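A quick write-up on the structure given underneath.
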Amino acid sequence: MLTLRRYSGRGLRHLLIILIGLAMLYPVLWLLASSFKPNQDIFTDTGIWPQTWTLDNYRNGWKGFQGITFARFFGNSALISVLAVLGNVVTCSLAAYAFARLEFRFKKIWFAMMLVTIMLPYHVTLVPQYIIFSELRWINTYLPLFLPKWLAHDSFFILLMVQFIRGIPKELDESATIDGCGQGKLYLRIIMPLLVPALISTAIFTFIWTWDDFFSQMIYLSDIKLFTVQLGIRALFDPSGTSDWGALMAISVLSLVPITLIFLIFQRYFLDGIATTGLK
């Protein structure tokens with residue numbers, strides 16, 4: 001009797017999780033289905049499965065506007081995202097190694113100040129950052145979008161790696177030091193190989209957040225040739241209501257492909273990094 005109740009309770013929980021999952025996936029499924037529907041059917045056909053299939057939305061959307069195709073916008077987004085990933089992986093890991101392994105003056109104070117910056121909303125620092133970048137004449141360039149990543153700008157990832165490094169036995173450091181390793185070799189040969197799960201988690205998060213970022217790109221970029229995918233999608237939208245909704249849906253689906261593929265490919269490392277860091 002207890003076994004029957006246990007299995008029935010487990011089945012109800014699984015059913016509830018499936019229903020919640022379907023509810024969360026419905027907007028994505030509707031977006032995907034609408035990208036294959038003619039414009040006149042997108043808001044009139046309430047079903048998910050298209051009654052009429054067409055690829056014109058993808059052809060029309062990919063053409064872009066003002067003679068610039070979405071291939072250019074995808075390339076711009078990829079460039080910014082890759083540079084941001086490299087910056088966070090390199091500099092955040094170096095900063096984390098310093099906080100976790102090195103001893104220097106006011107270490108605890110600097111670490112506390114770094115933690116405080118995590119609680120600052122982005123909009124609080126936006127105005128002073130914009131003034132600084134404007135004085136440096138970096139507006140309408142990619143520098144404000146990726147250069148801060150090369151200065152250990154994201155405290156969240158520093159904290160993530162600090163927790164991971166603290167879980168690595170210090171005996172490994174001592175053994176490497178006895179063998180003649182300095183701090184540079186210790187970081188490259190001992191810490192970095194063991195830090196791979198956290199590094200991949202950082203890379204995935206950074207890529208997704210940078211690729212999906214719209215607000216910063218809208219603030220700093222005005223030249224159409226520098227537009228990213230998100231700005232390109234926004235430019236396709238016509239506030240007067242005459243937008244090509246099919247093209248918008250199609251490009252929106254394509255914009256999800258890179259981040260979905262990256263997450264699926266590195267999912268195992270991503271979960272290992274989060275789980276292991278939490279345990280340690």
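Observations on the model:
- Wholly within segment 1-106, helices (runs of 4 or more DSSP H) carrying at least 3 residues that are open to solvent by 100 Å² or more (accessible area, probe 1.4 Å): 2-34
- Check on Ser222, open to solvent by less than 20 Å² (accessible area, probe 1.4 Å) and either in contact with a strand residue (DSSP E or B) (Cβ under 9 Å, 6 or more places away or on another chain) or of a type in the set (Gly, Ala, Ser) (or both): no
- Residue check for Gly75: farther than 30 Å from Ala152 by Cα and free of Cβ contacts under 8 Å to residues at least 60 places away in the same chain: no
- Once segment 250-274 is narrowed to residues that are modelled with pLDDT of 90 or more and more than 15 Å from the chain's Cα centre (by Cα), the residue that is farthest from Phe164 (Cα to Cα) is Ala250.
- Close contacts from segment 196-209, counting a first residue that is touching a residue at least 60 places away in the same chain (Cβ under 8 Å) and surrounded by fewer than 23 Cβ atoms within 10 Å (Cβ to Cβ) and a second that is acidic (Asp, Glu) and assigned to a helix (DSSP H, G or I), with Cβ to Cβ under 7 Å and a gap of 6+ residues or different chains, come to Pro197/Asp272.
- Of the residues making up segment 113-130, those that are of a type in the set (A, V, I, L, M, F, W, C) and either open to solvent by less than 50 Å² (accessible area, probe 1.4 Å) or within 24 Å of the chain's Cα centre (by Cα) (or both) are Met114, Leu115, Val116, Ile118, Met119, Leu120, Val124, Leu126, Val127.
- Residues of segment 46-101 satisfying the condition of being among the hydroxyl-bearing types (Ser, Thr, Tyr) and closer than 30 Å to Leu115 by Cα: Ser77, Ser81, Thr91, Ser93, Tyr97
- Residue in segment 90-108 that is farther than 28 Å from Leu194 by Cβ and touching a helix residue (DSSP H, G or I) at 6+ places or on another chain (Cβ under 8 Å) present: no
- Hits in segment 131-142 (condition: part of a helix (DSSP H, G or I) and surrounded by 15 or more Cβ atoms within 10 Å (Cβ to Cβ)): Phe133
- Scan of segment 170-184 for residues that are under 25 Å from Trp110 (Cα atoms), open to solvent by 70 Å² or more (accessible area, probe 1.4 Å) and not polar (S, T, N, Q), ordered by number: Lys170
- Cβ pairs under 7 Å, 6+ apart, first in segment 92-115 and without any contact (Cβ under 8 Å) to a residue 60 or more places away in the chain, second buried (at least 18 other Cβ atoms within 10 Å of the Cβ) and of a type outside the set (A, V, I, L, M, F, W, C): Met114/Ser155; Leu115/Ser155
The values are calculated or read from the model by the stated rules, or taken from the named source; none is laboratory data. As the structure is a computational prediction, the values presented were derived from the model and not from experiment. Using ideal geometry, Cβ is built from the backbone for each residue, glycine included, and neighbour counts are taken over all protein chains shown. Note: areas computed on protein heavy atoms with side chains; ligands, DNA, RNA excluded. Shrake-Rupley method; radii C 1.70, N 1.55, O 1.52, S 1.80 Å.
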